[in-house]
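A quick write-up on the structure given underneath.
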Amino acid sequence: MASAATLRTKLPVCLLRGPISTLDEYASRPQMATTLRQMYELARGSTTEKLLLGAQFLHAELPVRLAHRAKELENLPYNLNRMPSVVKVRQLYETSFHDIVDFKRPGDEEEEEMFTDLLIKIKSRHNDVNVLLARGVLELKAECGKTAADLKIHSFLDRFYRSRIGIRTLISHQADMRYKREGYVGIINPSCSPAAIAEDAAAAVRNLAYRTYGDCPDVKVYGQTQLTFPYIEGHIFFCIFELLKNSVRATLETHADANELPEVKVVLADGTEDVTIKISDEGGGIPRSEINNIWTYLFTTAELPPERLLELEETRRHGGIGLDPFAGFGYGLPLSRLHARYFRGDLSIVSMEGFGTDAYLHLSKLWNKGENLP
């Protein structure tokens with residue numbers, strides 16, 4: 001087990017920062033990226049001292065990340081920052097910023113537990129941010145016609161969601177260090193099985209397909225199905241679920257009149273640098289003219305306009321009958337790519353119009369790769 005002194009050398013230097021008094025001052029400071037190895041070593045054999053080190057790191061780092069996003073939310077192109085839903089998001093970030101800086105730096109186990117509980121509350125408070133920000137973009141579209149396809153808006157959304165993934169990952173890691181899950185090291189599963197995750201995602205998609213279409217193609221997992229490696233399995237599940245959802249829907253709609261549906265294939269490969277997961281379907285493919293659109297927020301092949309899809313998504317999140325779960329509101333692929341890139345992996349799509357689509361999910365095995373922060 002690494003000593004506390006060794007851990008201190010591996011933690012970002014933000015723990016050494018002096019006190020900062022305002023949001024503007026925090027926003028002027030650089031963010032400090034962590035690596036999967038640092039997260040793993042901090043959480044391995046979690047002791048009171050390690051829990052305290054983690055809490056102190058987050059007490060110093062999270063206000064910087066929140067301040068960066070809050071300041072950007074004040075200065076967006078085309079007056080996007082003035083849209084009512086975007087104002088709500090900025091207020092959420094400012095409130096969470098002040099909650100953390102007003103909590104004194106944890107100095108013992110009791111204060112660490114109280115601070116961790118505060119972070120869990122903050123994470124829950126931000127659950128609806130994706131939908132709120134999407135609604136803000138639609139409010140801008142109604143006002144001036146600008147959409148998420150605009151390069152400036154798309155770039156902002158990428159930066160914002162990259163940061164959001166990082167903040168939520170770090171909070172979840174600290175929470176899972178404090179409230180341990182058996183077999184996990186913080187948020188990390190040291191024996192993460194892509195095959196098992198693919199099977200779980202396939203079961204979830206199969207359930208949606210039968211509820212929506214009354215049928216579902218077989219999803220089969222091939223390749224190096226026994227491989228395991230340390231990773232955050234929730235990130236992998238998110239990506240595979242979204243990709244399988246797209247493949248299954250395309251297959252069902254393309255072969256609606258067929259007696260037998262072609263299977264969707266998941267192929268696993270264990271390389272030196274990456275674990276690669278390929279998802280292949282025979283769902284008719286994507287026209288070349290639309291390939292770039294699939295990475296655009298709020299782009300969807302559903303027949304309903306994004307405004308209506310978002311209304312239905314909000315209804316679903318609050319317990320009502322929502323949208324067709326296969327339709328989504330156009331966030332699945334761009335957010336999946338950001339999750340893949342968080343620890344320097346990637347997601348790419350290759351399509352043959354008239355036949356089908358292959359998606360390649362690359363997950364880095366190099367533990368020294370830092371978070372991909374905006």
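Considering Cys239, Cys216, the condition of being within 24 Å of the chain's Cα centre (by Cα) and either closer than 19 Å to Asp346 by Cα or at pLDDT 95 or above (or both) is satisfied by Cys239 alone. Could you list all residues from segment 206-220 that are open to solvent by 30 Å² or more (accessible area, probe 1.4 Å) and of a type outside the set (Lys, Arg)? Result: Asn207, Tyr210, Thr212, Tyr213, Gly214, Asp215, Asp218. Entry remark, segment 257-316: residues being of a type in the set (Asp, Glu), closer than 23 Å to Glu353 by Cα, at pLDDT 95 or above and assigned to a loop (DSSP other than H, G, I, E, B) number 3 in total. Evaluation of Tyr331 against the conditions (1) open to solvent by less than 40 Å² (accessible area, probe 1.4 Å); (2) at pLDDT 95 or above shows that the sole unmet condition is (2). Within segment 214-236, the set of residues being assigned to a loop (DSSP other than H, G, I, E, B) and farther than 17 Å from Ala202 by Cα comprises Gln224, Gln226, Leu227, Thr228, Ile232.
Of all the residues in segment 144-172, those that are modelled with pLDDT under 95, crowded, with 19+ Cβ neighbours inside 10 Å and of a type in the set (Ser, Thr, Tyr) number 0.
Scanning segment 112-143 for residues that are among the charged types (D, E, K, R) and open to solvent by 40 Å² or more (accessible area, probe 1.4 Å) gives Glu113, Asp117, Lys121, Lys123, Arg125, Asp128, Arg135, Glu139, Lys141, Glu143. Across segment 56-79, not a single residue is classified as of a type in the set (Val, Ile, Thr) and open to solvent by 10 Å² or more (accessible area, probe 1.4 Å). Total residues in segment 176-205 satisfying the condition of being touching a helix residue (DSSP H, G or I) at 6+ places or on another chain (Cβ under 8 Å), crowded, with 17+ Cβ neighbours inside 10 Å and assigned to a helix (DSSP H, G or I): the figure is 9. Within segment 351-366, the residues that satisfy the criterion of being over 22 Å from the mean Cα position of the chain (by Cα) and surrounded by fewer than 19 Cβ atoms within 10 Å (Cβ to Cβ) are Met352, Glu353, Gly354, Phe355. Scanning segment 1-45 for residues that are surrounded by 17 or more Cβ atoms within 10 Å (Cβ to Cβ), of a type outside the set (A, V, I, L, M, F, W, C) and modelled with pLDDT under 80 yields one hit, Pro12.
Within segment 237-270, take every residue that is touching a His at 6+ places or on another chain (Cβ under 9 Å) and farther than 23 Å from Ile165 by Cβ and give me the one that is surrounded by the most Cβ atoms within 10 Å (Cβ to Cβ). My answer is Leu261. Applying a threshold of 7 Å to beta carbon distances and a minimum spacing of six or more residues, or different chains, the list of pairs starting in segment 90-104 at a residue that is within 13 Å of Leu62 (Cα to Cα) and open to solvent by less than 10 Å² (accessible area, probe 1.4 Å) and ending at one that is assigned to a helix (DSSP H, G or I) and among the basic types (Lys, Arg) reads Tyr93/Arg69; Ser96/Arg125.
Look at Glu94 and say whether it is at pLDDT 90 or above and over 29 Å from Tyr78 (Cα atoms). No: the conditions fail for Glu94. Scan segment 190-207 and tell me whether some residue there is modelled with pLDDT under 95 and of a type in the set (Lys, Arg). Within segment 190-207, none of the residues are modelled with pLDDT under 95 and of a type in the set (Lys, Arg).
In segment 252-270, the residues that are more than 12 Å from Glu282 (Cβ to Cβ) form Cβ pairs under 6 Å with partners that are of a type in the set (Val, Ile, Thr) and part of a strand (DSSP E or B), at six or more places apart or across chains, as follows: Val266/Val221; Val266/Ile279; Leu268/Ile277; Ala269/Thr276.
Annotation: Gly234 fulfils all but one of (1) crowded, with 17+ Cβ neighbours inside 10 Å; (2) under 26 Å from Met177 (Cα atoms); (3) under 19 Å from the mean Cα position of the chain (by Cα); the unmet one is (1).
The values are calculated or read from the model by the stated rules, or taken from the named source; none is laboratory data. Computed from a predicted model, the values in this text were never measured in an experiment. Please note: Cβ atoms are built from the backbone with ideal geometry, for glycine as well, and neighbour counts cover all protein chains shown. Please note that ligands, DNA and RNA were not included when accessible areas were found on the heavy atoms of the full protein model with its side chains. Shrake-Rupley method; radii C 1.70, N 1.55, O 1.52, S 1.80 Å.
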